[in-house]
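Here's the structure we're looking at; comments come further down.
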Amino acid sequence: MKWLNQSLFRRLLISYLFIFILGFGLIGIVTSISTSDYITDQKRQDMLQQATSINAIIHHSNVVTDDIKQTIEQLGQFLGSTIWIIDRNGQIVATSSMQELFMGEIMDDALIEDILAGKNRFQVMNIEEEDRPMLSVVVPWGTSEEIYGGIILHSPISGINTTVRNIREIIQWAIISGLVIVSVLVSYLSWSISKPLKKVEEAANEIALGNYKKRVEYHDSVPDEISALLYSFNRMAEKFHKIEEERDLLEERRNDFIANISHELRTPLTAMKGYLEALQDGLVKDKESQQKYYTIMYQESEHLNHLVDDLMDLIKLESREVSLDLYYVKVDDVLKKVFLHLEQAIQEKENNIQLLIPDNVPQLIADSVRLEQIFTNLIHNANKFTSNGSITGEIEVDSSHLIVTIKDTGIGIPSHDLERIWERFFKVDRGRNNRGRRGTGLGLAIVKELVILHNGMISAKSELGKGTAFTMKFPLYEQRKSN
Ligand code: ATP
Ligand code: MG
């Protein structure tokens, strides 16, 4: 059907109007037929009663006397009907009005038969002299023992027809007014459904074109299915917007990451290339300088190695590809071991070591290799940024945590950078990182990931020129439960 292809608004409108016209049309037809039947029936009953009453008045006589003639004439006027009296042969012997021309006429046999059998009869008569059709009722004249003839009462049908026509007209007008009211209501209803859907369509199109900020306005004062749809649509758009923002952020971070890696790789490579070219071109003649160049190139390649290792480690940690080898670990032993490994380097910078470790440190469920990596990184940093000072390793235990602190009395970190030291490749003021302090800027990012992997937390406190302290808190019991 063609109209099915049209807009929702029109389809709703046409469907509702069709249902209304069909429904009310049927109701109208049925009502008008039954009303007309009812009125006709009522009229018949009235006429039958009147005819029976006339018989009651005149049944005392079996002949039409002057008295009877007068009576039926008065009754005819009173009832507004025409009354005929017929004898047993069906011949009209008296009429109520001045209709002498009917006198002596004979009625048909079927009618006479019914009367003589004591039956009442209704029929529509087209009387030649009357230009309008008449509804007639015929009742026997006489008593139950003896029938003298019949009484015929005529009443014009036009009265009934007019009443029925009037009623039909009222019904018609009711339907037309109903149709107008329903059209307005249905239009509003269809509009209130189709309008928000149109808005959703427009918003969806905009979102498809990339405007993820687009939302559909709606009033949730009336919580219906449409507002629920709009609410869900907006939530979906919100989600898209968030995903888009996250994607942008990720893209930005990825680009930063690549730029940082390129930079970090290029620096040692450029240096190595420079030294190699100098050696290749025979610019460095004496053995001592040559040896110095080789050493630097070796250091650069070591640095590159370190960078690639750290990078791989961090990428695996961030993508949760690292799993821990968990055992009961004596953290104090691990800490002492790391200090021992780095002792020479610490002494070289004329720093002294302080260990503050209580007795009976509870064992921690941890990966000892990774724990060693954490401590090495932190102690290495402490030593890198401290000279002629001290480096402290401290262990504390509270009701549910094991707390490890690595403290130094070095150059410290400016407060505005303290937040950023956990970022990949971040180094406070690159100028500070002279050869002796050179690093990749990945150490603390790795440390943080490893501490989190152990369900722990790490924080840093620092005062410029006075020193820095890194504190880690590892849960003692929770960990046991979960492992
Ligand atoms: P890597 O550890 O990869 O060799 P790095 O030590 O430079 O390089 P991180 O360990 O991540 O990188 O440290 C980031 C930056 O934070 C350092 O470059 C340094 O500027 C600052 N920092 C870290 N620890 C200390 C500390 N104990 N004292 C002062 N500054 C520090
Ligand atoms: Mg470091």
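Look at residue 345 and say whether it is within 14 Å of ligand 2 (Cβ to nearest atom) and either over 22 Å from residue 475 (Cβ atoms) or modelled with pLDDT of 95 or more (or both). Full working, then the answer.
Numbers: within 14 Å of ligand 2 (Cβ to nearest atom): yes; either over 22 Å from residue 475 (Cβ atoms) or modelled with pLDDT of 95 or more (or both): yes.
Judged against the criteria, residue 345 is a match.
If you filter region 251-269 down to residues that are within 41 Å of the chain's Cα centre (by Cα) and either of a type in the set (D, E, K, R) or surrounded by 11 or more Cβ atoms within 10 Å (Cβ to Cβ) (or both), you find that the one that is farthest from residue 217 (Cα to Cα) is 257. Only one of the numbered conditions (1) within 16 Å of ligand 2 (Cβ to nearest atom); (2) in contact (Cβ under 8 Å) with a residue 24 or more places away in the chain; (3) not assigned by TED's automatic domain parsing to the domain that holds residue 441 is violated by residue 265, and that is (1). Among the numbered conditions (1) away from ligand 2 (no atom under 16 Å from the Cβ); (2) crowded, with 19+ Cβ neighbours inside 10 Å, the only one that residue 378 does not meet is (1). In the set (1) surrounded by 17 or more Cβ atoms within 10 Å (Cβ to Cβ); (2) in the same structural domain as residue 59 (by TED's automatic domain parsing); (3) out of contact with any helix residue (DSSP H, G or I) (no Cβ under 8 Å at 6 or more places or on another chain), the condition left unmet by residue 158 is number (1). Scanning region 126-165 for residues that are touching a Leu at 6+ places or on another chain (Cβ under 8 Å) and either charged (D, E, K, R) or under 21 Å from residue 77 (Cα atoms) (or both) turns up 129, 136, 137, 138, 139, 150, 153, 154, 155, 156, 157, 160. If the condition is being among the acidic types (Asp, Glu), assigned to a loop (DSSP other than H, G, I, E, B) and more than 30 Å from residue 254 (Cβ to Cβ), then region 282-322 contributes only 286.
With the requirement that a residue be in a loop (DSSP other than H, G, I, E, B) and buried (at least 21 other Cβ atoms within 10 Å of the Cβ), what does region 455-466 give you? Can you show your working first?
As a first pass, look at region 455-466 and keep what is in a loop (DSSP other than H, G, I, E, B): 455-456, 464-466.
Listed by number, the list holds a single entry, 456.
Taking region 130-155 as the range and being outside any strand (DSSP E or B) and either surrounded by 19 or more Cβ atoms within 10 Å (Cβ to Cβ) or of a type in the set (Ser, Thr, Tyr) (or both) as the test, the residues that pass are 143, 144. Looking only at residues in region 270-286 that are open to solvent by 90 Å² or more (accessible area, probe 1.4 Å) and at pLDDT 90 or above, which one is nearest to the chain's Cα centre (by Cα)? Taking the candidates together, the pick is 273. Can residue 305 be described as polar (S, T, N, Q) and under 15 Å from residue 439 (Cα atoms)? Considered against the rule, which asks whether it is polar (S, T, N, Q) and under 15 Å from residue 439 (Cα atoms), residue 305 comes out as yes. Applying the set (1) open to solvent by less than 30 Å² (accessible area, probe 1.4 Å); (2) in contact with a Pro (Cβ under 8 Å, 6 or more places away or on another chain); (3) among the β-branched types (Val, Ile, Thr) to residue 124 leaves exactly one unmet item: (1).
For region 381-402, what are the residues that are assigned to a strand (DSSP E or B), of a type outside the set (Asp, Glu) and buried (at least 16 other Cβ atoms within 10 Å of the Cβ)? Steps first, please.
Filtering region 381-402 for residues assigned to a strand (DSSP E or B) gives 390-397, 401-402.
If we keep only those that are of a type outside the set (Asp, Glu) too, we end up with 390-393, 395, 397, 401-402.
Across region 381-402, the qualifying residues are 390, 391, 392, 393, 395, 401, 402.
Working carefully through the options 54, 33, 92, 83, find the one that is within 60 Å of the chain's Cα centre (by Cα) and surrounded by 12 or more Cβ atoms within 10 Å (Cβ to Cβ). Going through 54, 33, 92, 83 in turn, the sole match is 33. Within region 404-432, the set of residues being away from ligand 2 (no atom under 16 Å from the Cβ), outside any loop (DSSP other than H, G, I, E, B) and buried (at least 16 other Cβ atoms within 10 Å of the Cβ) comprises 404, 405.
When the residues of region 347-377 are filtered to those that are part of a helix (DSSP H, G or I) and within 18 Å of residue 470 (Cα to Cα), which remaining residue is nearest to ligand 1 (Cβ to nearest atom)? Quick ask: steps written out before the conclusion?
Residues of region 347-377 part of a helix (DSSP H, G or I): 347-348, 368-377.
Next cut, within 18 Å of residue 470 (Cα to Cα) only: 370-377.
Working: 370: 15, 371: 17, 372: 15, 373: 11, 374: 11, 375: 13, 376: 10, 377: 6 Å.
Filtering region 347-377 for residues that are part of a helix (DSSP H, G or I) and within 18 Å of residue 470 (Cα to Cα), the one nearest to ligand 1 (Cβ to nearest atom) comes out as 377.
Tally the residues that are more than 11 Å from ligand 1 (Cβ to nearest atom) and either under 11 Å from residue 346 (Cβ atoms) or in contact with a Leu (Cβ under 7 Å, 6 or more places away or on another chain) (or both), restricting the search to region 378-394.
Just the residues of region 378-394 that are more than 11 Å from ligand 1 (Cβ to nearest atom), to begin with: 387-388, 390, 392-394.
Within this subset, residues satisfying the condition of being either under 11 Å from residue 346 (Cβ atoms) or in contact with a Leu (Cβ under 7 Å, 6 or more places away or on another chain) (or both) are 387, 390, 392-394.
Qualifying residue count, region 378-394: 5.
Out of curiosity, is residue 371 under 23 Å from residue 421 (Cα atoms) and either open to solvent by less than 80 Å² (accessible area, probe 1.4 Å) or within 16 Å of ligand 2 (Cβ to nearest atom) (or both)? So residue 371 passes the test.
The values are calculated or read from the model by the stated rules, or taken from the named source; none is laboratory data. As the structure is a computational prediction, the values presented were derived from the model and not from experiment. Positions of Cβ are backbone-derived with ideal geometry, glycine not excepted, and every protein chain shown enters the neighbour counts. Just so you know, the surface numbers come from the protein's heavy atoms only, side chains and all, with ligands and any DNA or RNA stripped out. Shrake-Rupley method; radii C 1.70, N 1.55, O 1.52, S 1.80 Å.
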